[in-house]
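Visitor: Below: one structure in structure tokens.
The values are calculated or read from the model by the stated rules, or taken from the named source; none is laboratory data. Being a predicted model, the structure only gives us computed values, none of them experimental. Cβ atoms come from the backbone with ideal geometry, glycine included; neighbour counts cover every protein chain shown.
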Amino acid sequence: MFESLNDRIQNVFSKLKGRGKLSEKDVEAALKELKLVLLEADVNYRVVKMFVDHVKKRAVGEEVIKSVTPAQQVVKIIYDEMTEILGGSSRSLNFSPHPPSVIMLVGLQGSGKTTAAAKLAVMLRHQGRNPCLVAADIYRPAAVEQLQILGEKIGVPVIHFKHKSAVDICSLSVEWAVRNGHDVVILDTAGRLHIDDEMMQELLEIKRNLNPSETLLVVDAMTGQEAVNVALTFLERIEFDGIILTKMDGDARGGAALSMKTVTGRPIKLVSIGEKLEDMEVFHPDRVASRILGMGDVVTLVEKAQKTMTEERARKLEEKIRKQKFDFDDFLEQMQQLKKMGGLARVIEMIPGMGNISRLGGIDLDDKRMKRIEAIIQSMTVEERRNPSILNASRRRRIAKGSGTTTQEVNQLVKQFAQMQKMLKVLSGRGSLGTFKRLFPF
Amino acid sequence: MIFRKKKDTESNKKSQDNVARSKGVDVASVLKESIDSAISQETSEKQKSSGSLDISPDGFRRLDAEDRRISSDSSGQKGLKAGLTLSRKILSRPFTKAAVKKAIDPSFWDEAEEALISADAGVACSAEIVKRAKQIVIGEGVKSIDGVREAFRRAVVETILVTGVPPSLEGEKPQVIFVVGVNGVGKTTTCAKLGYIFKTAGKKVIFAAADTFRAAGIEQMEMWAARVGAPVVKHQPGGDPAAVVYDSIERALAKSTDFVIVDTAGRLHTKKNLMEELSKMWRVAGKKLKGRPLGVLVIDATTGQNGVNQARIFSQALNVDMIVLTKMDGTAKGGVVLAIGRELKIPVGFVGVGEGLGDLKPFDPVEYARALF
């Protein structure tokens, strides 16, 4: 997500940064290019116009052009404005003071409501809540089964009543939830076209009956200019409080994300970023803006690391590195941490200035390669893992055979590991091992 | 394909003229008016079964009957043009304004380009279409607004036609059709609709439920297949989809079936391993056949410029012979097919215009252009 947008914007920036002084013309040329980049990214054309106008107004002022670093000033203005159109700061979900809180998901067909419902349930449970899911899509074949299977996987009850209307199912389900002590009820409604009057009426009725504390519009991140029409119509007909953007793990440039808040006035609250049911995140406009502009996202990185790694383990690891006892076992453990954090590619993306690396030079940051490395390490004996220097040709052949790889691959890994140890030595010699090294010994 | 009658266009134009006249050039209000009237128009057309539907076999039979009634009732009504009402209005705005002003000034071309961009045709493609239309207008000395409109239609058709014509679906028996696409574009529904077309033409069809990944993906295919009245080859959830393809072709060969329609799991084109899985299925099918399978890429009409990437990368995993553009019964314009056609030369074969089995229509470039402008 956002990578290709980031690439294109970097291009625009590099042209600006190449100059010591900026004339109004330079800024205008850059903004014209920025406009094209955003249009190609499916940002709504009216939002693009507004965005570019705002930046222009602020960027051609005296202060900017006469400042010592005009290019950086312009970049800063663009960052500010982008954060603004993305919604300013992140918004949390609304919960009712009298449980259960009802969260209703609505959207077009195929936007990803059912999966989003399950992911939301997982997320809420992590926050210590006790959610249940309601299968209110009685139209699409096998929609109810889909939610039931997902519910079983994540261990969250799925409520459904056969031979009832969607409106009744929802009301009955909330009663059931109260009886069974659930504090959040997530309604998975059927996908519908925003212009389908009868279906919109159904939503309205559910809303009127249950008064949800949160109604969320689910939008596919790959949607084009149409996103705005859809959102506006849903807003007009049934009102909603926030947006979930799905399929953010594709390579869409995220135009929908950039248009939504401005056009509807409703914030993007959550984003869904992968196939796994844990892959839902709170949307942080500032962090996304900095990711789009290639400034990385350290905050998210640290948060993720904290989630997957306990304080104690981190300390232990740090000590090992300091004493230069970092071995293949630690390496393996680190790699598994990394996997939990969403894979190497996603982690690298969040490091400032590193966003482009994965695409430069064609380094394959596939999880597949990580798996092979894992296999190689797991084919080593305990002694070999602790002391790689004993790895002679015969041992290496054995390891290659055992892991189903080649001797070359084993050689490569051993070499890389040696280099890494050397690097860690240098780093630890400098004294403090910051968060960065703790996270990222590769 | 049947489209709504011309009279309709005229009245649309008239009402828009009024809006433009009474409110000046307030873009927002024109847009809102057109959304409103599109909504009311759509509702008056829409006849949909309401109330509770169950998923028991009985309920299904009832649903099926209703479906047939809807598709036969509305066959004269439901077309591409119905779906494109709103987009046509937006695209017509520059024309309407020009008609009011009785002149085409430079801003007209900019507005026409903007209108195309707002239909998801993409920046480069929109510029090209406008340039071509301009050439026609200047080269042929077109004076009337209708002539300019016609020039735009021609420019659009030319853009689509460079892609060539979709291949015939008739071939060696069995013809294996891979239905692929990203998540949520309507692959399973498209499979069923394609099957229904063949079935009504008196052909033997089987479905391969190769979406073994998604929860209840197999059940969904089974339910649709029951409505079409064709058998399904399936394995366990989580099984190897290539094995499902293999088995379904075996079965098709044994029972001299005409068409095997493979419902694949939705996958984002950026997931390398999933795309590899797809090429494997394709290879497996190729080995079993005299000819090669056909690749059908399903694209949701609401998709933006990302659709071009989707088409490009899916084409690397298998041979994409045609695109099916789904969900054209909404207000989306599906202009991304123009961008895809321009860049990758993949023709559009069918458009999906509703939820009924009969709601898949052959794509006609001329009608599409006419529906846009």
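Visitor: Suppose we keep only residues that are without any contact (Cβ under 8 Å) to a residue 60 or more places away in the chain and of a type in the set (Val, Ile, Thr) within segment A:220-267. Which one would you say is nearest to the other protein chains (Cβ to nearest Cβ)?
Guide: My answer is A:THR233.
Visitor: Any residue in segment B:125-144 that's without any contact (Cβ under 8 Å) to a residue 40 or more places away in the chain: show its pairings with residues that are aromatic (Phe, Trp, Tyr) at Cβ separation under 8 Å, as long as the two are six or more apart or on different chains.
Guide: Correct list of pairs: B:VAL130/B:TRP109; B:ALA133/B:PHE152; B:LYS134/B:TRP109.
Visitor: Scan segment A:148-166 for residues that are closer than 17 Å to A:LYS113 by Cβ, of a type in the set (A, V, I, L, M, F, W, C) and more than 8 Å from chain B (Cβ to nearest Cβ) and jot them down.
Guide: Those that are closer than 17 Å to A:LYS113 by Cβ, of a type in the set (A, V, I, L, M, F, W, C) and more than 8 Å from chain B (Cβ to nearest Cβ): A:ILE154, A:VAL156, A:VAL158, A:ILE159.
Residues checked against (1) at pLDDT below 85; (2) within 30 Å of B:LYS327 (Cα to Cα); (3) of a type outside the set (Lys, Arg):
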position: A:VAL52; (1), (2), (3): no, no, yes
position: A:LYS56; (1), (2), (3): no, no, no
position: A:GLU62; (1), (2), (3): yes, no, yes
position: A:ILE65; (1), (2), (3): yes, no, yes
position: A:VAL74; (1), (2), (3): yes, no, yes
position: A:LEU86; (1), (2), (3): no, yes, yes
position: A:ARG91; (1), (2), (3): no, no, no
position: A:ASN94; (1), (2), (3): no, no, yes
position: A:GLY107; (1), (2), (3): no, yes, yes
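Visitor: With (1) outside any strand (DSSP E or B); (2) under 13 Å from the mean Cα position of the chain (by Cα); (3) of a type outside the set (Gly, Ala, Ser) as the list, and A:ARG266 as the residue in question, which single condition is left unmet?
Guide: Among (1) outside any strand (DSSP E or B); (2) under 13 Å from the mean Cα position of the chain (by Cα); (3) of a type outside the set (Gly, Ala, Ser), A:ARG266 violates only (2).
Visitor: Any idea which of (1) buried (at least 20 other Cβ atoms within 10 Å of the Cβ); (2) on the phi < 0 side of the Ramachandran plot; (3) in contact (Cβ under 8 Å) with a residue 12 or more places away in the chain is the one B:LYS199 doesn't satisfy?
Guide: For B:LYS199, the exception is condition (1).
Visitor: Turning to a different aspect of this structure: In this structure, does A:VAL174 turn out to be without any contact (Cβ under 8 Å) to a residue 60 or more places away in the chain, outside any strand (DSSP E or B) and buried (at least 18 other Cβ atoms within 10 Å of the Cβ)?
Guide: No: the conditions fail for A:VAL174.
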